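Colleague: Here you go, one structure.
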Amino acid sequence: LRAFVVDDDGIACEHTQVVLRSLGIEAETCTDPVEAVRRIRAAHDQGRDWPLLLTDYKMPNINGLELVRDLRAFDGGRTAVIMLTGYNWDIIEEEARANGVDAIMAKPLSGGLSPQASAIQPLPESTLAGRRVLMAEDVEQNAEILADLLDLENVESEHAQNGEIAVRMFRESPVGYYDAVLMDVRMPVMDGLSATRAIRALNREDAKTVPIIAMTANVFDEDVERSLQAGMNAHLSKPIEPEHMYETMARLIAQRQAR
């Protein structure tokens, strides 16, 4: 299945794309609703209508309802449309249905693709179910996305807004409390590299063995090397690829248990 995602918030686009990818749906995104209509129309003219459109409701220039009206003027109802909104959808539901919207869902997207669809289920025999992860991430919306991805695998997560808080939370937790740490590299107050060094320096056994995984948009060799030198075990590039994150966490946790 192919999907097209329209949202003027780039992070929200990225989040929706990640959730769709976890369902095996490849998605293209666009942050400009006017440009989105142009691209959708161009695809239609080539005989390649999008099977699925997810659009935000509140956007500049034209809102989600206007976008859907433009779509329905030429697509013949071929595209299933889901509207995403952070507002109370009771206010817009009647108008949305009248303009060709098939379903409305709350933002941020998590779970099924329609109100009738079942929620996303964890992977069978997941080795991550029941684990507890400390995630250090200063951008609240990124943290919410990450928490949603972890929740898909039944992983419990606790959020630290910067490296200093992450160090304090780890230091004040019981030994063995966290199974892994997801550490953003660039954060205010204390960055991820400094926080990792501080955790590794703590006088407790699990501080030396807990897997600490870097998360950063910097993927050059020297960035990876700096992460490893600081005491991190692995390096994930942003935007996070869910399957890669799950595999990395499962592998490192298993290696720790085998020691």
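The values are calculated or read from the model by the stated rules, or taken from the named source; none is laboratory data. From a predicted model like this one, the values you see are computed outputs, not experimental measurements. Heads up, the Cβs are rebuilt from the backbone with ideal geometry, glycines too, and the neighbour counts pull from every protein chain shown. We work out accessible area using only protein heavy atoms, side chains counted, and drop any ligands, DNA or RNA first. Shrake-Rupley method; radii C 1.70, N 1.55, O 1.52, S 1.80 Å.
Colleague: Of the conditions (1) over 22 Å from residue 139 (Cα atoms); (2) in contact (Cβ under 8 Å) with a residue 40 or more places away in the chain, residue 12 satisfies every one except a single condition; which number is it?
Modeller: Among (1) over 22 Å from residue 139 (Cα atoms); (2) in contact (Cβ under 8 Å) with a residue 40 or more places away in the chain, the lone unmet condition for residue 12 is (1).
Colleague: Let me ask something else about it. Can you name every residue in region 43-64 that is within 24 Å of the chain's Cα centre (by Cα) and not in a loop (DSSP other than H, G, I, E, B)?
Modeller: Within region 43-64, 52, 53, 54, 55, 56, 64 meet the criteria.
Colleague: Identify the residue in region 72-89 that is hydrophobic (A, V, I, L, M, F, W, C) and within 21 Å of residue 25 (Cα to Cα) and, among all such residues, is surrounded by the most Cβ atoms within 10 Å (Cβ to Cβ).
Modeller: Only one residue tops the list, namely 83.
Colleague: Mind checking whether some residue in region 228-250 is touching a helix residue (DSSP H, G or I) at 6+ places or on another chain (Cβ under 8 Å), polar (S, T, N, Q) and assigned to a strand (DSSP E or B)?
Modeller: There is no residue in region 228-250 that is touching a helix residue (DSSP H, G or I) at 6+ places or on another chain (Cβ under 8 Å), polar (S, T, N, Q) and assigned to a strand (DSSP E or B).
Colleague: Being of a type in the set (Lys, Arg) and at pLDDT below 95 is the filter here, so list the residues in region 179-203 that pass it.
Modeller: The answer is 186, and nothing else.
Colleague: Please verify whether region 20-42 includes one or more residues that are closer than 30 Å to residue 246 by Cα, open to solvent by less than 70 Å² (accessible area, probe 1.4 Å) and part of a helix (DSSP H, G or I).
Modeller: Looking for residues that are closer than 30 Å to residue 246 by Cα, open to solvent by less than 70 Å² (accessible area, probe 1.4 Å) and part of a helix (DSSP H, G or I), one finds at least one in region 20-42, hence yes.
Colleague: Something else about it: Exactly one of (1) free of Cβ contacts under 8 Å to residues at least 60 places away in the same chain; (2) part of a helix (DSSP H, G or I); (3) open to solvent by 30 Å² or more (accessible area, probe 1.4 Å) is unmet by residue 206. Its number?
Modeller: (3)
Colleague: Here is a follow-up. I'd like the residue in region 118-167 that is surrounded by 15 or more Cβ atoms within 10 Å (Cβ to Cβ) and of a type in the set (Ser, Thr, Tyr) and, out of all such residues, is modelled with the lowest pLDDT.
Modeller: 126
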